[in-house]
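The values are calculated or read from the model by the stated rules, or taken from the named source; none is laboratory data. Since the structure is predicted, the reported quantities are computational estimates derived from the model, not experimental observations. Don't worry about glycine lacking a Cβ; one is built from the backbone with ideal geometry, like all the others, and counts go over all protein chains shown.
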Amino acid sequence: MHDEVKEKTAEQVRGRPFQKGRSGNPAGRRLGSLNKATLAAQALLAGEAEALTRKAVEAALAGDVTAMRLCLERILPRERAVEFALPPIKSAADIAQAMGAVAAALAGGLITPAEAQAIARVFTTFVQTIETSDFDQRLQSLEARQAEDRSRQPNAWMHRGIST
């Protein structure tokens, strides 16, 4: 009898052909490549879009609620241009007044809560951009002052008689 037991390495484990953290295709799937099922569905529906659209509209007109919702979702834009008065925004301090205008537009029904949230995100990005720009300007100013101070100060080793 053989009492030898072979230890399985990570490469030999059943159901796991690749080492942990490594795939068979390190580059991954190409960008824009479609699923095979999607390609098959597109091939089957090629040339039938007009007939299917007509049928969906007929069903919606006949009272089919699902067909109505499907048609309306395609007809009405998901996002729309929002127009309301905003004060000029030149600094982070102006954001509070601008958010007040957004809140007033929301309360008045001019914009939806989702649109108000999207506008608030734009404001947040604007404030972060201003803060980053201000920080960069302050940092450059400090570095320039520090370099100027260094050039004015005589080196201490020169006065002590230390030579290199």
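Per-structure values
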{"quantity": "Hey, Lys36 at pLDDT 80 or above, surrounded by fewer than 10 Cβ atoms within 10 Å (Cβ to Cβ), among the basic types (Lys, Arg) and within 25 Å of Gln128 (Cα to Cα) or not", "calculated": "no"}
{"quantity": "Lone unmet requirement of (1) part of a helix (DSSP H, G or I); (2) touching a residue at least 12 places away in the same chain (Cβ under 8 Å) for Leu110", "calculated": "(1)"}
{"quantity": "In the stretch 81-112, the residues that are at pLDDT below 90 and more than 30 Å from Glu131 (Cα to Cα)", "calculated": "Gly109, Leu110"}
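Residues are listed down the side, and each one gets a yes or a no for (1) without any contact (Cβ under 8 Å) to a residue 40 or more places away in the chain; (2) surrounded by 12 or more Cβ atoms within 10 Å (Cβ to Cβ); (3) among the β-branched types (Val, Ile, Thr); (4) not in a helix (DSSP H, G or I):
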| residue | (1), (2), (3), (4) |
| --- | --- |
| Ala43 | yes, no, no, no |
| Thr53 | yes, yes, yes, no |
| Ala60 | yes, yes, no, no |
| Arg69 | yes, no, no, no |
| Glu73 | yes, no, no, no |
| Val82 | yes, yes, yes, yes |
| Gln97 | yes, yes, no, no |
| Leu106 | yes, yes, no, no |
